[in-house]
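Have a look at the structure below before the remarks.
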Amino acid sequence: MAVRNRTTLLGFGGGLLLLGLLLSILGVDRTLDALGRADPTILVVLPLVFCVWLTAWGLLLRVVIGAVDGGIPVRTAVLVYAGALFANNVTPFGQAGGEPVSAFLVAEAVDAEYETGLAAIASADAIHFVPSLSFATIGLGWLAVTAALTTQLRAAAVVVGGLAVIIVAGIGIGLRYQTHVERVIVRLLWPIGRTICQLIPQRSVPTRSAIENRVGGFFSAVSRVGSDRDRLLLALGWSALGWIALAASLWLSLLSLGTAVAFTIPLLVVPLGSIASVTPLPGGIGGIESVLAALLVSLGVAPPVAGAAVIIHRTVTYLLPTLLGGGVAWLLGVRSTTEPS
């Protein structure tokens with residue numbers, strides 16, 4: 001636990017240093033001056049946009065959970081997704097680092113096995129890739145038609161194309177060789193789980209068959225999500241609405257500073273910025289802001305305005321879910337420790 005806390009603190013320290021470097025490049029005084037001129041009548045709308053985003057992705061989680069473990073109330077789904085966002089925002093490598101914690105929160109909320117919670121949150125995160133890459137492709141296409149692509153955007157096009165190929169190939173391999181993939185995962189997890197449990201007092205060492213059952217349960221739950229076409233389409237719709245809300249947050253942030261851009265620009269920039277969340281920084285802090293600001297500047301936004309808009313946008317989309325989700329995670333954690341085993 002001490003090592004994990006130390007790693008998290010180091011990650012936040014690195015992120016803050018990166019933010020400081022970004023502000024120094026953009027101009028600290030000019031960025032703060034731009035922030036001071038933000039239109040408050042537009043800023044008050046941003047928390048509402050945040051609610052739309054959180055609700056949409058909470059409803060996505062509800063649809064996925066409905067496919068793997070029955071129903072869950074809308075309010076519970078939204079709050080649990082807030083807890084998942086908190087986990088992503090305070091652990092390195094974004095969703096990849098936060099998924100184990102998010103899976104626990106989902107399992108606690110629906111009183112299910114851990115692998116069911118992991119399947120639900122992993123499926124939800126995987127679904128997000130489809131609308132995000134689609135919107136990024138639309139934005140790149142619009143820019144290619146209306147303006148010359150900059151070096152940064154040409155690099156972004158390569159990243160988007162590469163991710164699409166990797167995702168499609170990964171899904172294809174997983175479906176075609178599912179049995180082999182399960183065996184490889186069991187082979188990797190069994191010695192790791194056995195070693196960890198030997199180090200934890202009062203924790204029995206899992207048998208190989210127990211791990212096989214859990215891995216099989218995980219893949220079975222994921223398969224149920226993918227095989228239900230109606231639920232999958234509904235989940236994609238909620239995910240797309242959430243991405244549109246995130247893009248609207250950045251668009252309104254720019255508008256509050258007196259800079260109006262085509263909505264296709266934040267539709268492109270926001271999904272590309274989210275890729276930086278895979279860095280070892282908690283929630284991608286520092287990395288996401290740098291990518292967003294760099295892309296906005298490359299598209300003609302003045303550096304101080306780009307920096308100020310990113311600060312406003314990330315305050316709404318990073319700080320608010322972290323505070324709300326932290327409370328949810330704490331409550332679910334307290335409940336799990338107080339319930340009789």
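Among 34-46, 254-266, 289-301, 76-88, sorting by the average number of other beta carbon atoms lying within 10 angstrom of each residue, highest first, gives 76-88, 289-301, 254-266, 34-46. Protection proxy ranking for 11-20, 55-64, using the average of other Cβ atoms within 10 Å per residue and placing the highest first: 55-64, 11-20. Contact order for region 102-149, expressed relative to its length and based on alpha carbon pairs under 8 Å spaced 6+ residues apart, stands at 26 percent.
Computed over the alpha-carbon atoms, region 1-147 gives an Rg to Rh ratio of 1.05, Rh here being the Kirkwood radius from the mean inverse distance.
Throughout, read-outs are computed from the coordinates displayed, never taken from laboratory work. This structure is a prediction, so every number in the text was calculated from the model and none was measured. A quick note on method: Cβ atoms are made from the backbone with ideal geometry, for glycine too, and the neighbour counts reach across all protein chains shown.
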